[in-house]
1. Do any of LYS29/LYS169; LYS29/LYS161; LYS29/LYS55; LYS121/LYS202; LYS8/LYS177; LYS82/LYS161 go past 19 Å between their Cα atoms, and which?
2. Of MET184, TRP74, PHE137, which is farthest along the charge dipole of the chain in the positive direction, counting Lys and Arg as +1 and Asp and Glu as -1 at C-beta?
3. For region 98-152, rounded, prolate or oblate, judged on the Cα gyration tensor with a ≥ b ≥ c (square roots of eigenvalues), a/c < 1.5 rounded, else prolate if a/b > b/c?
4. Spelling out what I want: for every residue of region 118-135, take phi, set θ = phi - 60°, compute 6.51 cos²θ - 1.76 cosθ + 1.60 (Karplus), and round to whole Hz; glycine and proline get x.
5. Can you pull out the GluC sites (Glu not before Pro) in region 39-110 whose DSSP state is coil and whose Cβ has at most 14 other Cβ atoms within 10 Å?
6. What FRET efficiency, computed as 1/(1 + (r/R0)^6) with R0 = 22 Å and r the Cβ-Cβ distance, is obtained for TYR75 and ASP181, rounded to the nearest 0.05?
7. Using θ = phi - 60° and the Karplus relation 6.51 cos²θ - 1.76 cosθ + 1.60, list the HN-Hα couplings for region 43-49 in order, rounded to whole Hz, with x at every Gly or Pro.
8. Under 5 Å between amide hydrogens, which residues at least 5 positions from PHE39 or on another chain qualify, with H placed 1.01 Å from N in the peptide plane?
Amino acid sequence: MSANIRNKVLIIFAHPALYKSRINMELVKEVEGLDGVTFRDLYDEYPDFLIDVKKEQESLRENDLLVLLHPFYWYGCPAIVKEWVDLVLEYGFAYGRGGDALIGKKIMSAIATGGTEDDYKRDGMHYYSVREFLNPFERTATFCGMQYLPPFVVHGAINMKMEDIAVYKSLFGQIIKALRDGEMDLAELQGFKYINDYFLEKYKSWSI
Ligand SMILES: Cc1cc2nc3c(=O)[nH]c(=O)nc-3n(C[C@H](O)[C@H](O)[C@H](O)COP(=O)(O)O)c2cc1C
């Protein structure tokens with residue numbers, strides 16, 4: 001295991017039609033198998049939605065950063081991610097009496113959206129921002145005592161060229177490694193809309 005690991009990372013991934021995926025498939029290839037990263041594909045592991053709650057809770061206990069990686073579907077997440085949240089973050093584990101297992105852990109959404117960044121503005125087609133749509137995740141995290149990090153967002157996913165996908169793929173890998181190795185100033189990061197923006201600002205040699 002790499003000596004630099006400061007945060008053990010659990011990536012919970014879901015894509016209901018992975019064979020059609022262009023973006024998520026590439027993001028997965030970049031992070032699956034990294035040192036200090038546990039990767040779990042929910043549709044692969046639980047095709048009948050019978051989630052092993054105790055096993056998932058154990059994974060959460062063992063890790064410091066939870067990443068929810070999925071395409072943005074109907075302004076939210078694929079169904080199995082909601083099922084996972086509903087069942088795994090249960091009373092007495094994630095909240096309520098004795099429910100302190102997640103306090104101090106970090107959580108980040110990593111999503112691809114068909115819409116462009118401009119579509120997610122007041123004068124755009126989706127009106128609300130992605131951060132606004134992700135409010136249920138942010139508030140759930142806060143309710144459980146977790147630190148919610150700005151999301152990793154790939155906009156304009158549908159017509160994106162493979163060369164641009166490759167840039168996001170590499171960027172995602174760099175971000176996961178930087179979080180794992182504790183290289184990001186999390187207080188400073190909170191001032192950014194997306195973690196992409198923070199990373200690109202800090203590492204100016206990068207460009208999208
Ligand atoms: C059922 C469904 C719902 C979707 N809902 C949204 C949405 O609410 N907002 C959006 O920007 N894109 C939406 N999209 C587009 C997907 O987010 C996009 O195709 C996906 O992120 C691309 O990633 P992939 O190549 O890994 O499939 C939707 C696509 C599908 C199939």
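The values are calculated or read from the model by the stated rules, or taken from the named source; none is laboratory data. Quantities reported herein were computed from a predicted structural model and do not represent experimental measurements. Note that each Cβ is placed from the backbone with ideal geometry, even for glycine, and that neighbours are counted across all protein chains shown. Calculation scope for accessible area: heavy atoms of the full protein, side chains included, ligands and nucleic acids excluded. Shrake-Rupley method; radii C 1.70, N 1.55, O 1.52, S 1.80 Å.
1. Values: LYS29/LYS169 8 Å; LYS29/LYS161 17 Å; LYS29/LYS55 24 Å; LYS121/LYS202 25 Å; LYS8/LYS177 10 Å; LYS82/LYS161 30 Å.
Correct reply: LYS29/LYS55; LYS121/LYS202; LYS82/LYS161.
2. The Cα lying farthest towards the positive end belongs to MET184.
3. On the way: a/c = 4.15, a/b = 2.65, b/c = 1.56.
Here region 98-152 falls in the prolate category.
4. 5, 5, 9, 10, 4, 9, x, 5, 9, 6, 8, 7, 4, 4, 5, 4, 7, 3
5. Counting only loop positions with at most 14 other Cβ atoms within 10 Å, the GluC sites (Glu not before Pro) in region 39-110 are GLU90.
6. On the way: r = 33 Å, r/R0 = 1.49.
Calculated transfer efficiency: 0.10.
7. Each residue of region 43-49 in turn: 5, 6, 7, 10, x, 9, 6 Hz.
8. Residues meeting the amide H criterion: ILE11, GLY33.
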